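Structure first, then comments.
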Amino acid sequence: MKFSFVLPKETTKQTLKELLEEEWLIPRKVRHFLRTRKNVLINDEVAMFHQEVSPGDTVTLIFEDSDYDVPTILKGNPSRVVPIWEDEHLIIVNKQAGVKTHPNQPDETDTLLNDLAAYLADKKQVPYVVHRLDKETSGAILFAKNPVILPILGRMLEQKEISRLYEAQIEGTLPKQEMTITKKIGRDRHDRRKRVIDNNRGQIAITHVKEVKRSGKSSWVECRLDTGRTHQIRVHLASIGKPIIGDPLYHPKGESQPRLMLHAKELELIHPFTKEKITTQATPFLSH
């Protein structure tokens, strides 16, 4: 792999070592190989790690195949991939409901990760999971295209620097037009598929909910997460007596509906390398 980056104007004064280690999170072993092989260039000249970098500099990194482990992913159906935004480092796609984000068994091929592996094969790129959506949920989801950007995106997710907005259809209306649900979520000891409110042993979970439209006996709400617990939106809405329509786990009549009415409508982040603001909208597979 070989990547060249023109450092954006937002780049702070720092050494090449600080850039690689602290901002780009290049692993220690890989940094060692980059230095000893002289595989880092600044403006087409071999760089020293104590050298300062500046906005406008072109930093080139040359990686050997042995520097990173590349996962083996069986190829799925590339025609199911609906790209929203992509460059050589990352891709945001619109996932369909009923498709798993990634396989749980090595022989699975019917997941979005498998489909992306087939979609990217001609470009000699491999997808890496950054976060996931439930199988029943549709909408915007982010994948890395190389192992260099993967830990950076992971850190951004942990530090809440990747914003995700969801829409859902619920029974009735919210108690208030806007509210924040902060109930802790834990595993259901009686059903391994489910999560439950567990304020004693559960994990902290924070969901901001806003009613945006009423439609007959139901309402459309927008949800923004401060945390990313499994089934968080589904469990939190069910906990206030407003389960998502079509939810097969948390709505008593969910299985009578064609699908879970939950969609990741917007995903926003600052590109780690270019500092470009990326705002994407995933066309809903839902009807208002």
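The values are calculated or read from the model by the stated rules, or taken from the named source; none is laboratory data. Only a predicted model underlies this, so the values are computations on that prediction, with no experimental measurement involved. Cβ sites come from the backbone with ideal geometry, for glycine too, and all protein chains shown count toward neighbours. With ligands, DNA and RNA removed, areas are computed over all heavy atoms of the protein, side chains included. Shrake-Rupley method; radii C 1.70, N 1.55, O 1.52, S 1.80 Å.
Against the condition more than 30 Å from PRO248 (Cβ to Cβ) and at pLDDT 95 or above, how does THR11 come out, does it pass? Reasoning before the result, please.
Details: more than 30 Å from PRO248 (Cβ to Cβ): yes; at pLDDT 95 or above: no.
Considered against the rule, which asks whether it is more than 30 Å from PRO248 (Cβ to Cβ) and at pLDDT 95 or above, THR11 comes out as no.
For GLU268, all conditions in the list (1) within 21 Å of LYS135 (Cβ to Cβ); (2) out of contact with any Asp or Glu (no Cβ under 9 Å at 6 or more places or on another chain) hold save one; what is the number of the exception?
(1)
When the stretch 47-74 is examined, which residues are found to be under 17 Å from VAL6 (Cα atoms) and open to solvent by 80 Å² or more (accessible area, probe 1.4 Å)? Explain how you work it out, then say what you get.
Kept after step one, since they are under 17 Å from VAL6 (Cα atoms), are these residues of the stretch 47-74: 47, 51-62.
Matches in the stretch 47-74: GLU52 only.
Looking at GLY202, is it closer than 30 Å to GLU161 by Cβ and either at pLDDT below 90 or open to solvent by less than 20 Å² (accessible area, probe 1.4 Å) (or both)? If you could, list the steps in order and put the result at the bottom.
Numbers: closer than 30 Å to GLU161 by Cβ: yes; either at pLDDT below 90 or open to solvent by less than 20 Å² (accessible area, probe 1.4 Å) (or both): yes.
Yes.
Could you check the stretch 116-166 and list, in sequence order, the residues that are in contact with a strand residue (DSSP E or B) (Cβ under 9 Å, 6 or more places away or on another chain), open to solvent by less than 20 Å² (accessible area, probe 1.4 Å) and assigned to a helix (DSSP H, G or I)?
LEU116, LEU120, ILE152, LEU153, MET156
Taking the stretch 220-232, which residues are open to solvent by 10 Å² or more (accessible area, probe 1.4 Å) and either acidic (Asp, Glu) or touching a Leu at 6+ places or on another chain (Cβ under 7 Å) (or both)? Write out each step before concluding.
Applying the first criterion (open to solvent by 10 Å² or more (accessible area, probe 1.4 Å)) to the stretch 220-232 yields 222, 224-231.
Passing the criteria: GLU222, ARG224, ASP226.
Among the residues of the stretch 102-115, count how many are assigned to a helix (DSSP H, G or I) and touching an Asp or Glu at 6+ places or on another chain (Cβ under 9 Å).
Keep residues of the stretch 102-115 that are assigned to a helix (DSSP H, G or I), which gives 112-115.
Subset that is touching an Asp or Glu at 6+ places or on another chain (Cβ under 9 Å): 114.
Residues in the stretch 102-115 being assigned to a helix (DSSP H, G or I) and touching an Asp or Glu at 6+ places or on another chain (Cβ under 9 Å): 1 in total.
So, in the stretch 1-38, how many residues would count as being in contact with a Gly (Cβ under 8 Å, 6 or more places away or on another chain) and closer than 18 Å to GLU64 by Cα?
Total satisfying the criteria: 0.
Collect the residues in the stretch 28-46 that are under 22 Å from MET156 (Cα atoms) and surrounded by 15 or more Cβ atoms within 10 Å (Cβ to Cβ), keeping them in residue-number order. Show your work before the answer.
Here is the first cut: in the stretch 28-46, the residues under 22 Å from MET156 (Cα atoms) are 28, 30-31.
Residues satisfying the conditions are VAL30, ARG31.
Look at the stretch 239-280 and say how many of its residues are touching a strand residue (DSSP E or B) at 6+ places or on another chain (Cβ under 6 Å), open to solvent by 20 Å² or more (accessible area, probe 1.4 Å) and under 21 Å from ILE84 (Cβ atoms).
Residues flagged as touching a strand residue (DSSP E or B) at 6+ places or on another chain (Cβ under 6 Å), open to solvent by 20 Å² or more (accessible area, probe 1.4 Å) and under 21 Å from ILE84 (Cβ atoms) within the stretch 239-280 amount to 7.
Considering each residue of the stretch 131-152, count those that are of a type outside the set (Val, Ile, Thr) and in contact with a Leu (Cβ under 7 Å, 6 or more places away or on another chain), and give that number.
Number of matching residues: 9.
Within the stretch 90-114, which residues are within 12 Å of the chain's Cα centre (by Cα) and either under 20 Å from PRO147 (Cα atoms) or open to solvent by 60 Å² or more (accessible area, probe 1.4 Å) (or both)? Can you show your working first?
Filtering the stretch 90-114 for residues within 12 Å of the chain's Cα centre (by Cα) gives 90-95, 101.
Residues satisfying the conditions are LEU90, ILE91, ILE92, VAL93, THR101.
Could you check the stretch 176-288 for strands (runs of 3 or more DSSP E) lying wholly inside it with 2 or more residues that are under 24 Å from the mean Cα position of the chain (by Cα) and of a type outside the set (Val, Ile, Thr)?
Details: elements: 178-181, 185-187, 195-197, 207-215, 218-225, 262-270, 277-281.
Output list reads 185-187, 207-215, 218-225, 262-270, 277-281.
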